[in-house]
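> First, the structure itself, so that you have it in front of you.
The values are calculated or read from the model by the stated rules, or taken from the named source; none is laboratory data. What you see is a predicted model, and the numbers here were worked out from it, not measured in a lab. Cβ placement follows ideal geometry from the backbone for every residue including glycine, while neighbour counts extend to all protein chains displayed.
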Amino acid sequence: MTTLNRSDAQQRADAIGVFNSELQRLEDEQVLQLSEPQRSRLQAHQQALLAQYRAAFDIDQNNQARQLSLGMRIASFLGALALAASVFFLFYQFWGLFGEVAQVAILISASLLSLGLTLAVQQRDSSGYFSKLAALVAFACFVLNIVMLGQIFNITPSDKALLPWAAYALLLAYATEARVLLAAGIVCLLGFIAARVGTWGGMYWLGFGERPENFFPAALLMFAVPWFIPQRRFDGFAMTYRVFALLALFLPMLLLAHWGDGSYLDYPSDDIEAAYQLLGFVTAAMVIWLGVRREWPDVVNTGLTFFVIFFYTKLFDWWWQSMPKYLFFLLLGLSAVLILLILRRLRSANGLLGGHPQ
């Protein structure tokens, strides 16, 4: 039980359901027949496992429960956004009525109370939906706290604010197993590292987006996190790190493949664009290979997505102006068929695509 997370428990529960269905078919077909003592031991073992999983992880017991869980996750996320927006507008609605000391006290109290509420709900909420909702509100209060304290004391905006935001988001994410907050923390870290790299290059920190290459070191660091810090206990966290790291890697490459002037490299723009187009293809292919080898479907699918994007944008650059439109789209269709054939061959060889994330 200590090495399991919710995803593992849910997969085991689903496997029990599939096993029982197949066992019933085999008995109906008179291929296998369990004795009554064997059936009793099997059912007792399965019920004990399912009871432990329900108590520890609040797993879904059937398809109807799974559909309701999806609705609950959506409702939790939308409710958190609405409550965070409510807190934001409540502050601004009555903010001018308070003095400076009262404003500081309210900001600090809001952060502390929302954190305390999150921890209290987390201890009583086995499903995690309400604790994640409270954690998102706590994070919104903390961000609002930093922003408005900066305004009160006339502090110059700095990229350093991204660091406490990231730390707080990660703290709440690991406390409540909230992937949305993990994503928020990763985005803050990506922004902070990119801004630091930009300032080391001599630019003002708010201009770090003008050099997409600033994101490359941050992407590599985020991708390495689940490799060196195991995330086994936290469902979907390793996948979130990898996907956001790949987005921070491929999106700047895609931008530079069509905007060479944004590069640090002192070469003609056309040469830089051609180099990043080639680099995008090669990197996407290497990412797909790594994902297949490590059995990471999220990495395979992300790499494949950007490989197709790079491929189609290159076809557009080559032939959109010079080729009849019907022939251009015919070529796109044929290339899609070719990609499907390659993917089918990969799936047959590895049994990975469309599988469960590790």
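> In the range 295-306, how many are surrounded by 20 or more Cβ atoms within 10 Å (Cβ to Cβ) and assigned to a helix (DSSP H, G or I)?
Adding up the residues that qualify gives 6.
> Right, next: Could you say whether any residue in the range 223-232 is over 30 Å from Leu338 (Cβ atoms) and touching a Pro at 6+ places or on another chain (Cβ under 7 Å)? First the steps, then the outcome.
First, the residues of the range 223-232 that are over 30 Å from Leu338 (Cβ atoms): 224-232.
Those still in the list that are touching a Pro at 6+ places or on another chain (Cβ under 7 Å) too: none.
Scanning the range 223-232 turns up no residue that is over 30 Å from Leu338 (Cβ atoms) and touching a Pro at 6+ places or on another chain (Cβ under 7 Å).
> Right, here's the next one. Kindly evaluate Lys160 against the criterion of being surrounded by 17 or more Cβ atoms within 10 Å (Cβ to Cβ) and of a type in the set (Lys, Arg). Steps first, please.
Values: surrounded by 17 or more Cβ atoms within 10 Å (Cβ to Cβ): no; of a type in the set (Lys, Arg): yes.
Answer is no for this residue.
> Same structure, new question: When Phe94 is evaluated against the numbered criteria (1) in contact (Cβ under 8 Å) with a residue 12 or more places away in the chain; (2) surrounded by fewer than 15 Cβ atoms within 10 Å (Cβ to Cβ); (3) of a type in the set (Phe, Trp, Tyr), which criterion, by number, is the only one it fails?
Single failed check for Phe94: (1).
> Moving on to the next point. Output the number of the condition that Ser322 fails; it satisfies all remaining conditions of (1) modelled with pLDDT under 75; (2) over 25 Å from the mean Cα position of the chain (by Cα); (3) under 25 Å from Met253 (Cα atoms).
Answer for Ser322: the failing condition is (3).
> Keeping to the range 69-88, report how many residues are more than 20 Å from Ser109 (Cα to Cα) and of a type in the set (Val, Ile, Thr).
1
> Would a scan of the range 231-242 turn up a residue that is surrounded by fewer than 20 Cβ atoms within 10 Å (Cβ to Cβ), at positive phi and touching a residue at least 40 places away in the same chain (Cβ under 8 Å)?
Yes, the range 231-242 contains a residue that is surrounded by fewer than 20 Cβ atoms within 10 Å (Cβ to Cβ), at positive phi and touching a residue at least 40 places away in the same chain (Cβ under 8 Å).
> Kindly indicate whether Ala15 is under 29 Å from the mean Cα position of the chain (by Cα) and either in contact (Cβ under 8 Å) with a residue 24 or more places away in the chain or surrounded by 11 or more Cβ atoms within 10 Å (Cβ to Cβ) (or both).
Against the criterion (under 29 Å from the mean Cα position of the chain (by Cα) and either in contact (Cβ under 8 Å) with a residue 24 or more places away in the chain or surrounded by 11 or more Cβ atoms within 10 Å (Cβ to Cβ) (or both)), Ala15 does not qualify.
> May I ask you to say which residue of Phe228, Phe310 is in contact with a helix residue (DSSP H, G or I) (Cβ under 7 Å, 6 or more places away or on another chain) and either closer than 30 Å to Ala9 by Cβ or among the hydrophobic types (A, V, I, L, M, F, W, C) (or both)?
Details: Phe228 fails: in contact with a helix residue (DSSP H, G or I) (Cβ under 7 Å, 6 or more places away or on another chain).
Result: Phe310 is the single residue among Phe228, Phe310 that is in contact with a helix residue (DSSP H, G or I) (Cβ under 7 Å, 6 or more places away or on another chain) and either closer than 30 Å to Ala9 by Cβ or among the hydrophobic types (A, V, I, L, M, F, W, C) (or both).
> Moving on. Identify the residue in the range 36-51 that is of a type in the set (Gly, Ala, Ser) and at pLDDT 85 or above and, among all such residues, is farthest from Arg12 (Cα to Cα).
Among them, the one singled out is Ser40.
> Same structure again: State all residues of the range 71-89 that are of a type outside the set (Phe, Trp, Tyr) and more than 15 Å from Leu181 (Cβ to Cβ); if no residue qualifies, say none.
The answer is Gly71, Met72, Ile74, Ala75, Leu78, Ala82, Ala85, Ser86, Val87.
> Restricting attention to the range 230-246, which residues are at pLDDT 90 or above and assigned to a loop (DSSP other than H, G, I, E, B)?
Result: no residue meets the conditions.
> Here is a check on your reading of the model: is Ala84 under 26 Å from Leu247 (Cβ atoms), out of contact with any Gly (no Cβ under 6 Å at 6 or more places or on another chain), buried (at least 21 other Cβ atoms within 10 Å of the Cβ) and at pLDDT below 85?
Criteria not met by Ala84.
> Next question, about the same structure. Yes or no: Phe223 under 30 Å from Ala274 (Cβ atoms), aromatic (Phe, Trp, Tyr) and more than 16 Å from the chain's Cα centre (by Cα)?
No: the conditions fail for Phe223.
> So which residues in the range 250-268 are exposed (fewer than 14 other Cβ atoms within 10 Å of the Cβ), closer than 23 Å to Leu315 by Cα and without any contact (Cβ under 8 Å) to a residue 24 or more places away in the chain, if there are any at all?
Hits for the range 250-268 are Asp261, Pro268.
> Among the residues in the range 280-292, are any at pLDDT below 90 and polar (S, T, N, Q)?
no
> With the checklist (1) surrounded by fewer than 22 Cβ atoms within 10 Å (Cβ to Cβ); (2) touching a residue at least 40 places away in the same chain (Cβ under 8 Å); (3) closer than 26 Å to Pro297 by Cα; (4) hydrophobic (A, V, I, L, M, F, W, C) in hand, flag the one item Leu181 doesn't pass.
Of everything listed in (1) surrounded by fewer than 22 Cβ atoms within 10 Å (Cβ to Cβ); (2) touching a residue at least 40 places away in the same chain (Cβ under 8 Å); (3) closer than 26 Å to Pro297 by Cα; (4) hydrophobic (A, V, I, L, M, F, W, C), Leu181 misses just condition (1).
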